[in-house]
1. Take the conditions touching a Ser or Thr at 6+ places or on another chain (Cβ under 6 Å) and without any contact (Cβ under 8 Å) to a residue 40 or more places away in the chain and apply them to VAL509. Does it pass?
2. Hey, could you check the range 28-41 for residues that are within 29 Å of the chain's Cα centre (by Cα) and of a type in the set (Gly, Ala, Ser) and say which is least open to solvent (accessible area, probe 1.4 Å)?
3. Please enumerate the residues belonging to the range 289-305 that are free of Cβ contacts under 8 Å to residues at least 12 places away in the same chain, of a type outside the set (S, T, N, Q) and open to solvent by 60 Å² or more (accessible area, probe 1.4 Å).
4. Would you call ARG231 part of a helix (DSSP H, G or I), on the phi < 0 side of the Ramachandran plot, surrounded by 12 or more Cβ atoms within 10 Å (Cβ to Cβ) and charged (D, E, K, R)?
5. Could you name every one of the strands (runs of 3 or more DSSP E) located completely within the range 49-152 that has at least 1 residues being open to solvent by 60 Å² or more (accessible area, probe 1.4 Å)?
6. Among the residues in the range 448-456, are any at pLDDT 80 or above and either among the aromatic types (Phe, Trp, Tyr) or part of a helix (DSSP H, G or I) (or both)?
7. Which members of the range 260-288 meet the condition of being surrounded by 12 or more Cβ atoms within 10 Å (Cβ to Cβ) and either more than 27 Å from GLY238 (Cα to Cα) or of a type in the set (Val, Ile, Thr) (or both)?
8. From the set of residues in the range 1-27 that are assigned to a strand (DSSP E or B) and in contact with an Asp or Glu (Cβ under 6 Å, 6 or more places away or on another chain), which is least open to solvent (accessible area, probe 1.4 Å)?
Amino acid sequence: MLENIHISDFALIDSLSLDFEEGLTVLSGETGAGKSILIGALSFLLGGRGGTEVVRAGAQEARVSGTFCLASRHKDALLWLEERGIEIEEDRVLLKRYVKSSGRSGAWIQGQPVTRADLEEFSSYLVDIHGQHEHQSLLKVSHHRRFLDAYAGLTAQTEAFTSLYGELVESRRQLDEINLSEADRARRIELLSFSLEEIDSARLKEGEDEQLELEERRLSQFEEIYSSLDRALAIISGGHDDSSGDSIVSALKKAQGVVSHAACADSGLSSLSTRIESAFYEVSDVADELKNYFQNLSFEPGRLEEVQERSALLFKLKKKYASSVQAPIGEVIKYAENARAELENLSNSQENKLALEENTAVLEQKVYAAAKSLSEKRRAATEKMAQDVEAVLSHLGMRGAKFVVSLQEKPETAGGVMQRCGPYGMDDIEFLISANTGSPAKPLAKIASGGEISRVMLALKTILAESDTVDTLVFDEIDTGIGGEVSVAVGAHLKKLAEKCQIFCITHVASIAVYADNQIKIAKSSNLTSTVTQVRAISDEERVEEIARMLSGDSAGSDALDYARSLLDKYGGRK
């Protein structure tokens, strides 16, 4: 569920922070107050399209962020995050998005930069928006299969089929590789053999390129290193033979003796004496290590040339077999490992081909049988699903509506069963609707209004309440063209569905608003220089006044206030 949202300089909103609760939340306000701006900001956060036009006039950028709480049933969302290495904290995930007035934009999930498409894909597992915004799954035909499978209890079976289908795709891919023409196969074997011979003869070691680089640097600057160490030893210890007393070590030793003697007369010098003594031992130790390094320092004639030749060989191999000459030598070693495995497969292609042909044939039969089983179960559920949806739609003011679950087998092509099936079976599934009696059923996006689509989605979500994993729903135009008993029925359905998920609903209709567990009022205010939209939660008498305004346009009349109280008391949404 959506726990909070923070909006800055988005359209008419200058700055806004809201915390949300479970249940049904209604957003109300006068026409033109900016109710859809809040939903637009949420759609923007979820990956909806939004350019410089959403940046508030005079501002540099529009920014929206929100926190979602994930439950164990959000397995698709959790798997999506896991596949991309994104970790959540205390079951929460933070989404952020901005767009600057210059057109530059960015998005993050849990602090990790993502594309707008990534944000849209991930958030589709969390929120459905229904109305005038694009972020609604009901208009995406690819999602209709998920609704049908959820209704028929086939989600787990479909996931198992997808896994089996993946095995068939991989088996066919391997078979296609083996089925290269003999000439192509021979050329590939020759190329791989040459590459392996070249790499193997080099006897490469992990990290060797880095070690060679260090050694070359050391050898090429040997004289400078030798001279520097000689000078350092002379300064610290008087020379590498310790013959001179004019050195740091000698001076520290003398100073320690003098201060130690003085400390006998003044105990306050004891700590200084101790520190000088420590410095003496530390510098002496450094001198010994430098001397040891210096004495072992040697220049082997010809070694620099050997190192440079070896480095040149590694450079050549990287240029041919690694992603770049700057890549680690390990990439060349990995290339050789992959080449050796491929060469083995090509060399044993006949044996592998027979085994793969047999395995592919078995998998084809399994995939076809599994797809046929899925298709039969789906087809058996389509009529019952349509009836259940139509029953709910009838209560929601669409009595003449005809809902159709179209299920067609994918056309068979010359490629065989794999081409006939997709990763989710052999069916093309699409929801069709006829909003009026006698009209032919057509795709939702072509004939349904925003209000009708919202009511269709409300019907679907009602019959899928137990199995649906998307648990935050937003309805923007659900009250379009309805009133009286229908609006009461819509409110009741929203209230019932809100027991299973979090619902946000923009409405002008009081008989829907009174069902809400929470109500948010949206208002617009202006001065001589600007216009801003203000958003805040309301309760108690303030909510009574808002319901009264929605009923009659009068938030102060006693009759309207009394009627508003009675509605809130009757439908149990008063807060």
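The values are calculated or read from the model by the stated rules, or taken from the named source; none is laboratory data. As the structure is a prediction and not an experimental result, all values here were calculated from the model. Neighbour counts run over all protein chains shown; Cβ positions are idealised from the backbone, glycine included. Note: areas computed on protein heavy atoms with side chains; ligands, DNA, RNA excluded. Shrake-Rupley method; radii C 1.70, N 1.55, O 1.52, S 1.80 Å.
1. no
2. ALA41
3. Selection gives GLU289, GLU300, PRO301, GLU305.
4. no
5. 61-69, 92-100, 105-109
6. yes
7. Within the range 260-288, ALA263, LEU269, SER270, THR274, ILE276, VAL283, VAL286 meet the criteria.
8. Residue satisfying both the conditions and the ranking: LEU24.
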